[in-house]
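A.B. asks: What follows is a single structure, and I will ask about it in a moment.
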Amino acid sequence: MKIRYKIWLLIIFIMLVSIISINVIASSVLISSYESLERKRMNIDIERFNNALNNEINQLDNSVGDWAAWDDTYLFAGGENNEFPDKNIDNATMTNLRTDVMLYVNTSGNILYERGFDFSDQKILNVSNNLKNYIYKDSVLVNFTELDSSIKGIIRLPEGIILIASRPIITSYREGPIQGSVIWGRYLDTNELNFLSNTTNLSVSTSIYNDQNLPPDFREAAQSIVKNNDIFIQALDNNYIAGYSKIEDIFGKPILLIKITIDRDIYKQGILTIQHFQLIIFILMVILSIILIIFIDKSLLSRLNQLNKQVLDIGKKNDFSKRVSISGKDELNELTNVINETMNIIENTNKTLEIKVFERTKKIDNLLKQKDEFINQLGHDLKNPLNPLVNLLPILEKSETDIKNKEIFNVLIRNANYMKNLVIKTIDLGRLNSPKTRFYFEDVNLYTEFKDVISNNEMIFKEKNIEIKNNIPDNITVQADKLRISELIINLLSNAAKYTKCLGNIMLDAKQDNTYVTVSVKDSGIGMTDEQLEHVFDEFYKADPARHDFDSSGLGLSICKRIVEIHNGEIWVESEGLGEGSTFYFTIPKNKIRNDNVSMEYIYNKIDKIGK
């Protein structure tokens, strides 16, 4: 991706993160503020309703107080003014006083007069027997000890909630002794709730506190109020919010839940304000992003692109005599000067290198020619003298009868064979490293090759009772030089057998993917240390320096490495430590990758060594 697009994406990303962060923070702060205002408003509305309800109770109490502190009432309670009810109490009076129940009781708890009337619907009511159950001598509604005492509040009856007020009966001069009590009541019915709702301009509903069939929201509110002993407020949806509070009776026991529902106009106005704020922030950020992108593009990216095109043009044409230039005076101009100075150095260096490469190429050709001649001559000069020794010494050893001389001949035979093997391996490795050595690629079945090598060298494994398990699938075929692959397998199996104890085992396996086949040769031999693993493929290196026999030239694994490399594969070895065995791995491409038999890396390494 171009730098221009990266910078654009970075600016857009930063702006988006900024917009989101600002909006989230602002929204959380503002919404919480609006919700806090809602809660404060709800607390105020609940308090207004409670005040209105208490005001109704107080008005009822004041009216009761006026009638209880009256000589006519005092005389009636004392048994002297029996016409008092007929003269003063009728339906119109109860309507004006907004009273549903009137009770006049003497100090013994006996009801002297009772009257029930639904002033809202203008119909006669029977005074509730459940209410009368609260009327007895020691009742809080009857048993007054102080002249200015009063009992007011709410009582729950089976037929409904009633506002109640009770005052002691005394003289107009507020003197005693107390002759009884006046008890008035007003039902908190639908009409009364509508009256309170209209008075407070609130939507009010109620429910019995401990009712088993409470609606879910009332039940949740009741649980919260019991736990926190406070007002419970919750949003019903995006349009309405409800507040709940408890009302206690004259005994201090919660009997009623009040629910006030109000419109969420503050919250909705807050959401609208936040949306406007978010839109303004978004527009500002978009404008700022466009300004930044244009500024960076004109002041930096376009000039950088111009510099890039000039440098690429020089590279394509390979003309280091050209120079780059851009407008402005800043770090890019300093970079331009550095590039031009580098061009001068490259131009001068190229001229020098061309001369040196030409000279070294000639030297390399001569050295490679001399090396090939040396290898051929070495093979002729070393193998020819050794052949007679290798052939004649066994004959002489058989004809010798003296045991000591026979042992001397055995030593000579082993040394001659070792020298011959060393010469052959050295010449073979030299030829593998020669660019003139040709490889002939064909389809090679790895299972068959391993099977043939195992069969041809069966005596090597039988001598030590080594078990070989060939788990190579019979359908794996690679493009390779058949003779070289066979030599690779012989060297790996011989090496495994050499360092595996008697009654050991060697396991062969292979797996393939779309490009390569990976072969493993795992033995139960002596294993290797980490240091040995690093040098095992070095020329003339022996993993077991304590061995002084003539079975190894120290070149077998080096030859294996070269064969695999020429096939454009890799070879390596793994071991968990001494006594844990070793596993040799090598990879071979499934198809021929190149036609030459020597990698360019090998040639460059040789050139570098010769140059040094």
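The values are calculated or read from the model by the stated rules, or taken from the named source; none is laboratory data. Keep in mind that this is a model prediction, so the values were computed, not measured. For neighbour counting, all protein chains shown are included, and Cβ atoms are generated from backbone atoms with ideal geometry for every residue, glycine included. Keep in mind that these areas ignore ligands, DNA and RNA; they rest on the heavy atoms of the full protein, side chains included. Shrake-Rupley method; radii C 1.70, N 1.55, O 1.52, S 1.80 Å.
A.B. asks: Residue by residue through the stretch 167-180, which ³J(HN,Hα) values in whole Hz follow from phi under the Karplus form 6.51 cos²θ - 1.76 cosθ + 1.60 (θ = phi - 60°), with glycine and proline marked x?
C.D. replies: With coefficients 6.51, -1.76 and 1.60, one gets 10, x, 7, 9, 6, 4, 8, 6, 10, x, x, 5, 9, x Hz.
A.B. asks: Put L141, L483 in order of accessible area, largest first, 1.4 Å probe: what do you get? Display every interim value, and only then the final one.
C.D. replies: Details: L141 0, L483 140 Å².
The ordering from most to least exposed comes out as L483, L141.
A.B. asks: Got the relative contact order for the chain handy, in percent, Cα pairs under 8 Å and 6 or more residues apart?
C.D. replies: Working: 854 pairs, mean separation 53.5, N = 612.
Normalised by residue count, the contact order of the chain is 9 percent.
A.B. asks: Hey, of (1) 55, 34, 20; (2) 117, 41, 18; (3) 50, 37, 25, which did the structure itself give for semi-axes √(5λ) of the Cα gyration tensor in Å when calculated?
C.D. replies: Among (1) 55, 34, 20; (2) 117, 41, 18; (3) 50, 37, 25, the one derived from this structure is (2).
A.B. asks: Can you give the calculated 222 nm mean residue ellipticity of the chain, where each DSSP H run of n ≥ 4 adds -39,500 (n - 2.57) and the sum is split over every residue, rounded to the nearest 500 deg cm²/dmol? Don't skip to the end; give the middle numbers.
C.D. replies: Numbers: 17 runs with 323 residues, N = 612.
Here the helix-only value at 222 nm equals -18000 deg cm²/dmol.
A.B. asks: Another question, then. On full extension of the chain, what length is gained from I22 through T206, given 0.36 nm per residue of separation minus the C-alpha to C-alpha distance?
C.D. replies: Extra length available between I22 and T206 comes to 62.0 nm.
A.B. asks: Still on this structure, please answer the following. For E159 and V286 in the same chain, what is the full-extension length gain: residue separation times 0.36 nm, less their Cα-Cα distance, in nm? Could you put the intermediate results ahead of the total?
C.D. replies: Working: separation 127, 0.36 × 127 = 45.72 nm, distance 6.68 nm.
Full-extension gain reported as 39.0 nm.
A.B. asks: Sticking with this structure for a sec: Per q in 0.14 Å⁻¹, report the Debye log10 I(q)/I(0) for the stretch 459-540, using one uniform scatterer on each alpha carbon and no solvent.
C.D. replies: After summing over all Cα pairs, the log10 values are -0.58.
A.B. asks: May I ask you to rank H535, H276 by accessible area, largest first, using a 1.4 Å probe over the protein chains only?
C.D. replies: H276, H535
A.B. asks: How big is the stretch 442-499 by the Kirkwood estimate over distinct Cα pairs, in Å? Let's see the in-between values first.
C.D. replies: On the way: mean 1/r = 0.0838 Å⁻¹.
Value: 11.9 Å, from the Cα pair sum.
A.B. asks: Moving on. Applying 1/(1 + (r/R0)^6) with R0 = 51 Å to the Cβ-Cβ distance of N198 and K6, what FRET efficiency is obtained, to the nearest 0.05? All intermediate terms of the calculation are to be shown ahead of the outcome.
C.D. replies: Details: r = 67 Å, r/R0 = 1.32.
Computed FRET efficiency for N198 and K6: 0.15.
A.B. asks: Do any of K511/K561; K137/K253; K406/K464; K451/K501; K329/K351; K356/K592 go past 29 Å between their Cα atoms, and which? Each step should come with its number before you reach the end.
C.D. replies: Numbers: K511/K561 20 Å; K137/K253 22 Å; K406/K464 26 Å; K451/K501 22 Å; K329/K351 33 Å; K356/K592 35 Å.
Those over the limit are K329/K351; K356/K592.
A.B. asks: Tell me, what is the FRET efficiency for K40 and L147 to the nearest 0.05, using R0 = 35 angstrom and their Cβ-Cβ distance as r?
C.D. replies: On the way: r = 42 Å, r/R0 = 1.21.
Once the sixth-power term is evaluated, E becomes 0.25.
A.B. asks: Could you tally the net charge around E449, taking each other residue with its Cβ under 13 Å from the Cβ of E449, Lys/Arg +1 and Asp/Glu -1?
C.D. replies: Local charge sum for E449: -3.
A.B. asks: Next question, about the same structure. For the pair S33 and N88, what calculated FRET efficiency results from E = 1/(1 + (r/R0)^6), where r is the Cβ-Cβ distance and R0 = 51 Å, to the nearest 0.05? Write down the numbers at each step before the final one.
C.D. replies: Numbers: r = 57 Å, r/R0 = 1.13.
It comes to 0.35.
A.B. asks: Moving on. Whole angstrom only: what separates the Cα centroid of the stretch 211-284 from the Cα centroid of the stretch 570-587?
C.D. replies: That distance is 75 Å.
A.B. asks: Looking at S224, G180, Q122, which one has the Cα that reaches farthest to the positive end of the dipole of the stretch 108-227 (charges on Cβ: Lys, Arg +1; Asp, Glu -1)?
C.D. replies: It is G180.
A.B. asks: Please state the Cα pair-distance histogram of the stretch 269-357 with 10 angstrom bins from zero: what percent is in each bin?
C.D. replies: Reading the bins upward from 0: 14, 28, 19, 14, 11, 8, 5, 2, 0.
A.B. asks: Specify which residue in the list S28, T99, L488 is farthest towards the positive end of the charge dipole of the chain, using unit charges on the beta carbon of Lys, Arg (+1) and Asp, Glu (-1), about the Cα centre.
C.D. replies: Of the candidates, L488 comes out farthest on the positive side.
A.B. asks: Something else: Considering only the other residues whose Cβ falls under 14 Å of the Cβ of G176, what net charge follows from Lys and Arg at +1 and Asp and Glu at -1?
C.D. replies: -2
A.B. asks: Based on alpha-carbon atoms only, what is the radius of gyration of the stretch 1-75 relative to the globular estimate 2.2 N^0.38 Å? Don't skip to the answer; put the middle values down first.
C.D. replies: Values: Rg = 31.6 Å, N = 75, 2.2 N^0.38 = 11.3 Å.
For the stretch 1-75, the normalised Cα radius of gyration is 2.79.
A.B. asks: Report the charge-dipole magnitude of the stretch 244-304 in Debye, nearest 20, computed about the Cα centre from +1 at each Lys and Arg Cβ and -1 at each Asp and Glu Cβ.
C.D. replies: Numbers: 7 positive and 5 negative charges, 37 e Å.
Magnitude of the dipole: close to 180 debye.
A.B. asks: Next question, about the same structure. When the Cα atoms of the stretch 52-182 are enclosed in a convex hull and the volume is divided per residue, what value in Å³ results? Mind showing how you got there, number by number?
C.D. replies: On the way: hull volume 13.5 nm³, N = 131.
It comes to 103 Å³ per residue, whole-number rounded.
A.B. asks: I've got another one for you. Report the gain in length on full extension from V357 to R323: 0.36 nm times residue separation, minus Cα-Cα distance, nm rounded to one decimal.
C.D. replies: Stretched out fully, the V357 to R323 stretch lengthens by 9.6 nm.
A.B. asks: Right, here's the next one. Counting Lys and Arg as +1 and Asp and Glu as -1, what is the net charge of the other residues whose Cβ lies under 14 Å from the Cβ of D319?
C.D. replies: +3
A.B. asks: Which value, in debye to the nearest 20, describes the size of the charge dipole of the chain about its Cα centre when Lys and Arg Cβ atoms bear +1, Asp and Glu Cβ atoms bear -1, and nothing else is charged? Please report the intermediate quantities before stating the final value.
C.D. replies: Values: 70 positive and 81 negative charges, 835 e Å.
That gives a dipole near 4020 debye.
A.B. asks: Read phi for every residue in the stretch 215-228 and hand back ³J(HN,Hα) as whole Hz from Karplus 6.51 cos²θ - 1.76 cosθ + 1.60, θ = phi - 60°, with x for Gly and Pro.
C.D. replies: x, x, 5, 5, 5, 4, 5, 4, 4, 5, 5, 4, 6, 9
A.B. asks: Semi-axes of the equivalent ellipsoid of the stretch 244-285: what are they in whole Å, largest first, if each equals the square root of 5 times a C-alpha gyration tensor eigenvalue? Intermediate values should be presented prior to the final figure.
C.D. replies: Details: eigenvalues 413, 14, 4 Å².
The three semi-axes for the stretch 244-285 are 45, 8, 5 Å.
A.B. asks: Here is a further query. Taking a probe of 1.4 Å, how large is the accessible area per residue of the stretch 64-211, in Å²? Walk me through the intermediate numbers first.
C.D. replies: Working: 7030 Å² over 148 residues.
For the stretch 64-211, the solvent-accessible area averages 48 Å² per residue.
A.B. asks: Taking the mean number of other Cβ atoms within 10 Å as a proxy for protection, how do you rank 7-18, 38-49 from highest to lowest?
C.D. replies: Details: 7-18: 13.7, 38-49: 16.8.
Put in order of decreasing packing, that is 38-49, 7-18.
A.B. asks: Along the three principal axes, how long is the stretch 68-130 when you take its alpha carbons, biggest first, rounded to the nearest angstrom?
C.D. replies: 34, 26, 18
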